[in-house]
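In what follows, a structure is listed as structure tokens, so that the remarks can point back to it.
Rule-based calculations on the coordinates, nothing more; no lab input. Note that the coordinates shown come from a computational prediction; the quantities given were computed from them, not determined experimentally. When we count neighbours, we look across all protein chains shown, and the Cβ atoms used for this are built from the backbone with ideal geometry, even at glycine.
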Amino acid sequence: MRVSADDRNPLTRLTLAQLRQRTSVKWRLHPPDVLPLWVAEQDVPLAPPVADALRRAVELGDTGYAHGTGYAEALAGFAAQRWDWPDFPVGRSTLVPDVMMGVVEVLRLVTDPDDAVVVCPPVYPPFYAFVSHADRRVLEAPLGPDGRLDLAALDEAFRRARLLGARPAFLLCNPHNPTGVVHRRDELATVAELAARHGVRVVSDEIHAPLALAGARFTPYLTVPGSGNAFALLSASKAWNLAGLKAAVAVAGPDAAADLARMPEEVSHGPSHLGVLAHTAAFAAGGPWLDQLLDGLDANRALLGTLLAEHLPAVSWQPPDGTYLAWLDCTRLGLPTETPGDGPGIVTDLSGPARMFLDDARVALSSGHVFGTGGAGFVRLNFATSPAVLTEAVTRMGRAVATPG
Ligand SMILES: Cc1ncc(COP(=O)(O)O)c(C=O)c1O
């Protein structure tokens, strides 16, 4: 398979042979004949400003402990420029090891053990695993049939959450993984109203924020009226493919400053200095590279639509507004459904359509059932790859459905 190089598109820069030399989980969990379109890693080289920052640190042996507010300041500049967030509160932010550890630490600040944490499935599986592991109870308020937040379901879930414990929280995924929905400002304003009415604290996971695709606009939750006691978690990790370079930022709204002040000091010891340098360079100087990536992702989103229509016409989807994730409804394929008893939360668990596509098409996808209620019968496909790999993968998937084996 040839990957045609377009110098401006980061998604066409690496050959499959180069990618197969990678040792990260995307490339090593499955055998080499499998095309991996599952975990949220991208098939891109590093953005040049990020590579330069890392090279400089390695040359200097600058591999000690992280220090200062450089990451938050770079993020503040990016937020002002891209998200119309002119007063990003660097003084109310702190470094955390990564977004999920940040989520857990913030939940420890604003909830107590056994309190309810509301999530909107189908949603990023670790929302279940990390929250339960932190001894909080997950309460589901499923997305509506249109794939957007169901505000009536949230109202009801917040009411129930408050009955279950004194300090409930809502873990918002903004933009939403796996559907790629970018929540609108009016939806988020209603979330804030409902949260205030029921005494629910909002924690907004905004890791996919820089990945709003053409036609969509990301709204930072903390810029919405009524969000004063909320927290947000931000990171360069997804947009610039830095998941292995651990770092993220937790930000508190003005009425959550006292909670943030209770964050244990050791939490800020978790991020790696190299991670902080890389993420800082991404937000400070990685904008032009990001724009090229977003163009490539926009083109892949359109290509995926064409490929699905041609090879898998029975699969339906709603093209995402953001992220590089496509949430594919395979329920009309008549495939075996997920193994009963498999619960949400385990990212690598495979059954149903994803199992068939791995076994028969040699394409690795994420299995819908691990995303909670509403996920069974779906698969999540990561299209942050070259058009050539995407084409080959969907062609293989179509062939596997046409010739059940
Ligand atoms: C919504 C969401 N939150 C968090 C993460 C993980 O972030 P981190 O590696 O910084 O914990 C991901 C990774 O794909 C994600 O999609």
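Some observations on this one:
- Among Leu143, Tyr128, Leu109 the positive-end extreme of the charge dipole of region 99-199 (Cβ point charges): Leu109
- For the chain, adding -39500 (n - 2.57) for each run of n ≥ 4 DSSP H residues and dividing by the number of residues yields -11000 deg cm²/dmol at 222 nm.
- Ala80/Ala314 FRET efficiency (R0 45 Å; Cβ-Cβ; nearest 0.05): 0.50
- With a Förster radius of 56 Å applied to the C-beta separation of Asp259 and Thr403, the computed FRET efficiency comes to 0.50.
- Computed over region 73-176, the Cα gyration tensor eigenvalues convert (square root of 5λ each) into semi-axes of 26, 18, 13 Å, ordered from largest to smallest.
- Beta bridges per DSSP with both ends in region 128-249, % antiparallel, nearest 5: 10
- Paramagnetic reach from Leu29 in region 112-133 [backbone N under 16 Å; point 7 Å along Cα→Cβ]: 123-130
- Orientation-averaged projected area, Cα convex hull of the chain (nm²): 18.6
- Its Cα centre serving as origin, region 1-110 has a Cβ charge dipole (Lys and Arg +1, Asp and Glu -1) of approximately 340 debye.
- Across region 177-226, the relative contact order, built from alpha-carbon pairs under 8 Å that are at least six residues apart, equals 53 percent.
- The distance from the alpha carbon centre of region 55-109 to that of region 157-215 is 22 Å, rounded to a whole number.
- A convex hull fitted around the alpha carbon atoms of region 239-331 yields 168 Å³ per residue.
- Radius 12 Å from Cβ of Tyr124, net charge of other residues (Lys, Arg +1; Asp, Glu -1): +1
- Sequence ranges 308-314, 149-155, ranked by mean other-Cβ count within 10 angstrom, highest first: 149-155, 308-314
- A Cβ-based charge dipole, computed about the Cα centre of region 153-306 with Lys and Arg at +1 and Asp and Glu at -1, lands at about 320 debye.
- The dipole here belongs to the chain: it is taken about the Cα centre, uses +1 on the Cβ of Lys and Arg and -1 on the Cβ of Asp and Glu, and is about 420 debye.
- Contour excess over end-to-end distance, with Cα ends at Leu163 and Arg197 and 0.36 nm allotted per residue: 10.9 nm
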